[in-house]
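The values are calculated or read from the model by the stated rules, or taken from the named source; none is laboratory data. Please read these numbers as outputs of a predicted model, since none were measured by experiment. Cβ sites come from the backbone with ideal geometry, for glycine too, and all protein chains shown count toward neighbours.
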Amino acid sequence: MKHAVLLALLALTCTVQAQTTYRWVDNEGKVHYTDRAPLPGEARNVEQKRSALLGADQTASYALRKAMADYPVTLYTQTTCGDVCNDGRDHLTRRGIPFSSKTISSEADAAALRTLVGEGALVVPVLQVGSKATKGYLSSDWDSLLDAAGYPKASAQPGAAR
């Protein structure tokens, strides 16, 4: 019975090894910290711990978490933007890209956005990936920025549309 429970626990944890740390005590009483569960019969007092450094999204792949940390994504829109901003937002959602959204609603907001994308007429939406940005919505341009930053090409989010 003990081995069956341990095997079930081992099978359950295999899918999240990269996001989990195990603390366990071997048969000689030594404490181990690893990213892999010990083999059945090899340990006692096995504790599974999730890293607080991963944030709230424990299910994101390593590539997605790395891209999010190195190249955060921000979508700039205006209330009058309409379908083109909705298309851009939908594009990010379909691809499973976590992003923050900022609505340009004042002259100060517009001035800050011009600093990011250059002077001239404000064209929204603006997609910022890390320190790079592109004006307007063109899916190929957006995908190029996201690909260069290391974001996965297809959604890695559970239950997300692909």
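Of all residues in the stretch 24-58, how many are touching a His at 6+ places or on another chain (Cβ under 9 Å) and modelled with pLDDT under 75?
1
Here's a check for you: in the stretch 101-143, which residue that is in a strand (DSSP E or B) and of a type in the set (Gly, Ala, Ser) is modelled with the lowest pLDDT?
The initial filter retains those residues of the stretch 101-143 that are in a strand (DSSP E or B), namely 101-103, 126-129, 132-135.
Then drop every residue that is not of a type in the set (Gly, Ala, Ser), which leaves 101, 133.
Details: 101: 92, 133: 95.
Among residues in the stretch 101-143 that are in a strand (DSSP E or B) and of a type in the set (Gly, Ala, Ser), the one modelled with the lowest pLDDT is 101.
Being under 19 Å from residue 62 (Cβ atoms), modelled with pLDDT under 75 and aliphatic (A, V, I, L, M) narrows it down to one of 16, 5, so name that one.
Of the residues listed, the single one that is under 19 Å from residue 62 (Cβ atoms), modelled with pLDDT under 75 and aliphatic (A, V, I, L, M) is 16.
Considering the stretch 60-77 alone, what residues qualify as being outside any strand (DSSP E or B) and buried (at least 19 other Cβ atoms within 10 Å of the Cβ)?
60, 64, 65, 67, 68
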